[in-house]
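Below: the structure, in structure tokens.
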Amino acid sequence: MAAWQAGIVVVVSAGNMGPEAMTIGVPGDVPYVITVGAMTDSCTAEDGSDDTLASFSSAGPTVEAFIKPELVAPGGHMLAIMPDWLTIALEHPEFHDGGDYFVMSGTSQAAAVVSGTAALMLQSDPSLAPDDVKCRLMAAARPAVDDGGSLAYSIFQQGSGMVNAYDAVYSAPSGCANQGLDIELDLAGVEHYAGLARQAEDGFYYILGNDGFVWSDGFVWSDSLTESASINVWVEQE
């Protein structure tokens, strides 16, 4: 949170405990970061028809009702640098090329893809604040849909959709991330926030006022109300 307040864009992995709900790990549950889930191309990079959400990718909402992850990115069988003497390379030589590279899958790999995209965005426009980077990444993302045009995966699984580096760099939306949140008051312990996710009686999760990016809004948590109430009460910030 302090890094975000200082103007540093923080990108984190959602975690690999999916696909069940409420499995987002720390610090991915913090609203002042960009939390990334993973998809896989099923080892057919040139064919997008069999791209799927990775089964291990953690899903929201968070305990404090925030919708996570913000978006997803390639996280299956990603090639990255790893010396051949490291423990994981020695224990899994079948995934090492015998030189400098190792193939791994996970939301950490997906987070690295989004980190690279964020770097390109800041290279193009160094004036962008973390909230601006988050907003543009979310606005540029492309959700997975089925043949009927409905979401193929819940917003709690894919967030705003698959990262789109080109559009994130060259488009200019603003004001669509972390609305209603004040990081200074949050860090100071003056106010604490919660999101718009709710759980219905049938166990399914839904979003209050789901209207475009309104699901990125936050609410002030009122301790005075919860002290006198037997249920959780959310109070919208003035």
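Every read-out reported here was derived from the displayed coordinates using simple, explicitly stated rules and does not represent laboratory data. None of these values were measured; they are calculated from a predicted model. Please note: Cβ atoms are built from the backbone with ideal geometry, for glycine as well, and neighbour counts cover all protein chains shown.
At a glance:
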| read-out | value |
| --- | --- |
| Region 2-235: C-alpha gyration tensor shape, a/c 1.5 cut-off, then a/b vs b/c | prolate |
| Total formal charge among the other residues, if their Cβ is under 13 angstrom from that of residue 68, Lys/Arg +1 and Asp/Glu -1 | -2 |
| Percent antiparallel among DSSP beta bridges (both partners in region 23-160, rounded to 5) | 65 |
| Cysteines not pairable in the chain (beta carbon separation under 4.7 Å absent) | 43 |
| Region 10-54: relative contact order as a whole-number percent, Cα under 8 Å and 6+ apart | 33 |
| Label-point gap, in nm, between residue 145 and residue 97 - each point 7 angstrom along Cα→Cβ | 3.8 |
| Relative contact order (%) - criterion: Cα under 8 Å, at least six apart; region: the chain | 19 |
| Net lengthening on full extension, residue 1/residue 187 (0.36 nm per residue, minus Cα-Cα) | 66.2 nm |
| Zone of residue 8's modelled label, taken as backbone nitrogen in region 114-147 under 19 Å from a point 7 Å along Cα→Cβ | 114-123, 126-134 |
| Label zone at residue 208 (point 7 Å along Cα-to-Cβ), backbone N below 12 Å, region 66-97 | 66 |
